[in-house]
1. Could you list, in sequence order, the residues of region 133-147 that are open to solvent by less than 80 Å² (accessible area, probe 1.4 Å) and either under 21 Å from the mean Cα position of the chain (by Cα) or of a type in the set (A, V, I, L, M, F, W, C) (or both)?
2. Output the residues belonging to region 73-93 that are closer than 17 Å to W121 by Cα and free of Cβ contacts under 8 Å to residues at least 24 places away in the same chain.
3. What are the residues in region 164-193 that are assigned to a loop (DSSP other than H, G, I, E, B) and open to solvent by less than 60 Å² (accessible area, probe 1.4 Å), if any?
4. Within region 5-17, is there a residue that is more than 27 Å from the chain's Cα centre (by Cα) and under 19 Å from V110 (Cβ atoms)?
5. So which residues in region 36-45 are open to solvent by 10 Å² or more (accessible area, probe 1.4 Å), assigned to a strand (DSSP E or B) and either closer than 11 Å to V18 by Cα or basic (K, R) (or both)?
6. Taking only pairs six or more apart or across chains, which ones have beta-carbon atoms under 6 Å, a first residue in region 130-153 that is under 16 Å from I171 (Cβ atoms), and a second residue that is of a type in the set (G, A, S) and surrounded by 10 or more Cβ atoms within 10 Å (Cβ to Cβ)?
7. Testing A26 on (1) in contact with a strand residue (DSSP E or B) (Cβ under 8 Å, 6 or more places away or on another chain); (2) modelled with pLDDT under 90; (3) open to solvent by less than 30 Å² (accessible area, probe 1.4 Å); (4) small (G, A, S), one condition comes back false. Which one is that?
8. Does region 103-126 contain at least one residue that is open to solvent by less than 90 Å² (accessible area, probe 1.4 Å), more than 18 Å from A6 (Cα to Cα) and out of contact with any His (no Cβ under 8 Å at 6 or more places or on another chain)?
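The values are calculated or read from the model by the stated rules, or taken from the named source; none is laboratory data. Quantities reported herein were computed from a predicted structural model and do not represent experimental measurements. Please note: Cβ atoms are built from the backbone with ideal geometry, for glycine as well, and neighbour counts cover all protein chains shown. Note: areas computed on protein heavy atoms with side chains; ligands, DNA, RNA excluded. Shrake-Rupley method; radii C 1.70, N 1.55, O 1.52, S 1.80 Å.
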Amino acid sequence: MVATAAQLVSSRVVTGTVTQRLVDVAAELRAVGAHHCVVLAEETPAFVGLIRLEDLASCTNPGNRILAALVSSIRPIAVRAGEDANALASMFERHGIYEAVVLEPDGAYVGLITAESFAQWSIREQRRMQTLVAQRDERLKMAANLVGLGVFQWNIKSDQVVWENDEMFRIFGRTGEEGPLGVVEFLNEVADP
């Protein structure tokens, strides 16, 4: 299953229309702990602009102004709701972009990806990948034990060997206390000259 841009959307964003005043959405901003207010057109869910609350510090009496007057001149990039989240993640990291408005193909507003929602998705994705790798490793170990296959990792440069299952000890006739064979031991005792 491919994750999409729509899955990166923040739940901590408030929307308002161009004619609403900031005081009209202030309670909701506080309730969800939002740092962004997305401004939409009056009649349609079309994206008009974004208000970043940190930008309001320099405004005089922003509470009584309509949202359209407070929209930032710095627009976030726009992405389609169905775009691949991993491709977006690459682009975000490469260009230092952590804010994007997500739109349907017809231009309707879906949501806003923020630095916070992007980071949360990245952490979830990393955990999901770690789980998949652990499950794959477990299946490999079960299959190897079932057929009597020994599994090991060997770093020849450092002469470090890790025998990952008990089959390796059985195959080489060694005990756990003796430990795995090193490079020199393997070459002297096992390898065919």
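1. Matches in region 133-147: V133, A134, A143, A144.
2. Correct list: A87, S90, M91, E93.
3. At the first step, the residues of region 164-193 found to be assigned to a loop (DSSP other than H, G, I, E, B) are 164-165, 173-182, 190-193.
N165, R174, G176, G179, P180, L181, G182, A191, listed by residue number.
4. If we filter region 5-17 for residues that are more than 27 Å from the chain's Cα centre (by Cα), which is where we start, we get 16-17.
Now restrict to residues that are under 19 Å from V110 (Cβ atoms): 16-17.
Yes, because at least one residue in region 5-17 is more than 27 Å from the chain's Cα centre (by Cα) and under 19 Å from V110 (Cβ atoms).
5. Going through region 36-45, the residues open to solvent by 10 Å² or more (accessible area, probe 1.4 Å) turn out to be 36, 40-45.
Then keep just the ones that are assigned to a strand (DSSP E or B); that gives 36, 40.
Correct list: L40 only.
6. Pairs found: V151/A144.
7. Only one criterion in (1) in contact with a strand residue (DSSP E or B) (Cβ under 8 Å, 6 or more places away or on another chain); (2) modelled with pLDDT under 90; (3) open to solvent by less than 30 Å² (accessible area, probe 1.4 Å); (4) small (G, A, S) is unmet by A26, namely (1).
8. So far as region 103-126 goes, no, none of its residues is open to solvent by less than 90 Å² (accessible area, probe 1.4 Å), more than 18 Å from A6 (Cα to Cα) and out of contact with any His (no Cβ under 8 Å at 6 or more places or on another chain).
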